[in-house]
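Engineer: I have a structure I would like to understand better, so I am pasting it below and will then ask my questions one at a time.
The values are calculated or read from the model by the stated rules, or taken from the named source; none is laboratory data. Just so you know, these numbers come straight off a predicted model, no measurement behind them. As a convention, Cβ positions derive from the backbone with ideal geometry for all residues, glycine included, and neighbour counts pool all protein chains shown.
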Amino acid sequence: MSSGPQASPVNTMRELLLLRHAKSNWDQPGIEDHERALNQRGEAAAAAMGGFLQAQGLGPDLVLCSTARRAVQTWQPAGERLDTRPRTITLDALYLAEPRRLLDIVRRHGDAAARLLVVGHNPGLHQFATRLCGTGDPAMRTLLAKKFPTAGLARIGFDAAAWAALPLGSGALLGFWRPRDLAAIAG
């Protein structure tokens, strides 16, 4: 029950893509949280989401990625599926960041990117997504509010001239996809 790119067409000046890191491996005793790697399911989901970004024409201009191993390993195969290679900045500040911090990071690092992708973590990424979206398809917003799963992707549009002026609640949820939705969209 996901809505594809046809959802809520909005003439936006900025788009924010929020990608939660893919499923990570919990079977490694003694490994610090920051260093947990993706498991096989996570690797497959990350690659599939990158293929989806490419197929839908949603390649970002700039990527801000948490320095956590699982976030970097999510973006690497996803980014490899794109025809173009966006500039990527890894930031320690994205690791387990709260919504207010995520907003500050987007405002500070968004630059001139029309489409910005952030690879991060829950619970902050989920809370950030729900706080940004003031409009959008109600069923899709309800789905997002329930859960932002691993390798989930939210697409939020803004009528904002610059990232620095981005307020909470000003976004329109244009799409929300979970890895399990991709097979239905493709076929």
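Engineer: If the Cβ limit is 7 Å and pairs must be 6+ apart or interchain, which residue in region 109-120 that is within 19 Å of residue 22 (Cα to Cα) pairs with which residue that is small (Gly, Ala, Ser)?
Structural biologist: Close Cβ pairs (under 7 Å, with a partner that is small (Gly, Ala, Ser)) amount to 116/110; 119/66; 119/71; 120/66; 120/71; 120/97.
Engineer: At least 2 residues that are among the small types (Gly, Ala, Ser) and buried (at least 22 other Cβ atoms within 10 Å of the Cβ) in each: list the strands (runs of 3 or more DSSP E) lying fully within region 100-163 that qualify.
Structural biologist: Values: elements: 115-120, 133-136, 153-158.
In region 100-163, the matching strands (runs of 3 or more DSSP E) lie at 153-158.
Engineer: Filtering region 33-56 down to residues that are touching a residue at least 24 places away in the same chain (Cβ under 8 Å) and in a loop (DSSP other than H, G, I, E, B), which residue is surrounded by the most Cβ atoms within 10 Å (Cβ to Cβ)?
Structural biologist: 36
Engineer: Of the numbered conditions (1) crowded, with 19+ Cβ neighbours inside 10 Å; (2) at pLDDT 95 or above, residue 179 satisfies every one except a single condition; which is it?
Structural biologist: Residue 179 satisfies every listed condition except (2).
Engineer: Another question about this same structure. In region 35-44, is there at least one residue being among the charged types (D, E, K, R), closer than 21 Å to residue 106 by Cβ and modelled with pLDDT of 95 or more?
Structural biologist: no
Engineer: Among 24, 66, which is the only one that is hydroxyl-bearing (Ser, Thr, Tyr) and either surrounded by fewer than 19 Cβ atoms within 10 Å (Cβ to Cβ) or under 15 Å from the mean Cα position of the chain (by Cα) (or both)?
Structural biologist: On inspection, the qualifying residue turns out to be 66.
Engineer: Consider residue 74 against the criteria (1) surrounded by fewer than 17 Cβ atoms within 10 Å (Cβ to Cβ); (2) within 14 Å of the chain's Cα centre (by Cα); (3) part of a helix (DSSP H, G or I): it satisfies all of them except one. Which criterion is unmet?
Structural biologist: Tallying (1) surrounded by fewer than 17 Cβ atoms within 10 Å (Cβ to Cβ); (2) within 14 Å of the chain's Cα centre (by Cα); (3) part of a helix (DSSP H, G or I), residue 74 fails exactly one: (1).
Engineer: Okay, moving on. Go over the candidates 174, 166 one by one and state the one that is surrounded by 14 or more Cβ atoms within 10 Å (Cβ to Cβ) and within 16 Å of the chain's Cα centre (by Cα).
Structural biologist: On the way: 166 fails: within 16 Å of the chain's Cα centre (by Cα).
Result of the check over 174, 166: 174.
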